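Q: Can you keep this structure in mind? I'll have questions shortly.
The values are calculated or read from the model by the stated rules, or taken from the named source; none is laboratory data. On a predicted model such as this, the values are computed, not experimentally measured, just so you know. Cβ sites come from the backbone with ideal geometry, for glycine too, and all protein chains shown count toward neighbours. Areas reflect the complete protein model, heavy atoms only, side chains present, ligands, DNA and RNA absent. Shrake-Rupley method; radii C 1.70, N 1.55, O 1.52, S 1.80 Å.
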Amino acid sequence: MDTQQRPLSPHLQIYRPQLTSVMSIMHRITGVLLSMGLLLLVYCLYALAEGATSYQQAQQFLMSRPGLLVLFLLNWALFYHLANGLRHLFWDLGLGLTLLSSYLSGYLVAISSFAATIWLWLTVN
Amino acid sequence: MAPGKAHRSWLIQRITAVLLIPLALWFVWSIVSMLPLNYQSTHNWLAQPVNSVLFGSFLLILFHHTWLGLKEVTEDYVHNTVLKSFSLFLLITILLALLALSLHSLFSLRL
């Protein structure tokens, strides 16, 4: 049996984008982004263990304009992935599976992830 | 993948997700409360046993969750069997090396 010849289900680009499908692919994209953020976290931890000089180098990069942009994006990705992950956990429990509630929770996740990130950055500055 | 194994991955992904909710919020809250994250204050914070243990747990669970997530994405988008196995091997090698480096860094901090 040739497993290579098995039919695949159609990919995302076949379908018209909807809130639910866009949010689903965004969960993956934010997950991959956060994996890259993990790389940054490991670098910071390593720099911290190396001593004050290397730590200040890392700090200088992160507090620069591009560094802050990266941190802001990662912050949003984290809040989105966390909120949407919670949405998935509720679904796993069989809660909120109707069309209406999946759209409502979808809007809630999208809006709250932006709002929480902007609120946090405004309070800090 | 064997059906039992897929179910186990599914379950562990959910368990690590639940554990990461409080840990990630604790991590963000700690970072924000320590701004602008001076060397001495960050070092002292992470050298404290409570924070060190929490952060170590956070890293272990986060790395496991990252592995399961990136594995799922790789398995979905890389169709060639040989390339898939190679990608997964590369992925686990990089993640384990990064985990080792971060735990080594964490343990090397002294008060």
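Q: Against the longest alpha carbon principal axis of chain A, how many degrees, from 0 to 90 and to the nearest 10, is the axis of helix A:52-62 turned?
A: Between the helix axis and the principal axis of chain A, the angle is about 50 degrees.
Q: Could you list log10 I(q)/I(0) for segment B:1-46 at q = 0.18, 0.29 Å⁻¹, which the Debye formula gives when each Cα is one point scatterer?
A: The calculated log intensity ratios at q = 0.18, 0.29 Å⁻¹ are -0.64, -0.95.
Q: Averaged across orientations, what area in nm² does the convex hull of the alpha carbons in segment B:1-107 project?
A: 8.0 nm²
Q: Going by alpha carbons, how many degrees (0 to 90, nearest 10) lie between the helix axis of A:65-92 and the longest principal axis of chain A?
A: Rounded to the nearest ten degrees, it is 40.
Q: Considering all alpha-carbon pairs of the protein assembly as shown, what whole percent are spaced by more than 22 angstrom?
A: Here the long-distance tail beyond 22 Å is 60 percent of all Cα pairs in the protein assembly as shown.
Q: Sticking with this one: Would you calculate the volume per residue, in Å³, of the smallest convex hull containing every Cα atom of segment A:22-116?
A: Spelled out: Cα convex hull of segment A:22-116, divided by residues, is 99 Å³.
Q: Something else: Which of the chymotrypsin sites (Phe, Trp or Tyr not before Pro) found in segment A:1-91 are in a DSSP loop and have at most 10 neighbouring Cβ atoms, other than their own, within 10 Å?
A: Loop-located and lightly packed - A:Tyr15.
Q: Among the helices of chain B (complete DSSP H runs), which have Cα atoms covering no less than 27 Å along the helix axis and a Kyte-Doolittle mean of at least 1.6?
A: Helix filter hits for chain B: B:81-107.
Q: Carbon-plus-sulfur fraction of the accessible area of chain B, 1.4 Å probe, in percent?
A: With neighbouring chains kept in place, the figure for chain B is 73 percent.
Q: With the crude spin-label approximation of a point 7 Å out along Cα→Cβ, what separation in nm comes out for A:Ser64 versus B:Val32?
A: Computed distance between label sites A:Ser64 and B:Val32 equals 2.7 nm.
Q: Next question. With a cap of 16 neighbouring Cβ atoms within 10 Å, and only residues DSSP puts in a loop, list the trypsin sites (Lys or Arg not before Pro) found in segment B:11-111.
A: Within segment B:11-111, the qualifying trypsin sites (Lys or Arg not before Pro) (loop, at most 16 other Cβ atoms within 10 Å) are B:Arg110.
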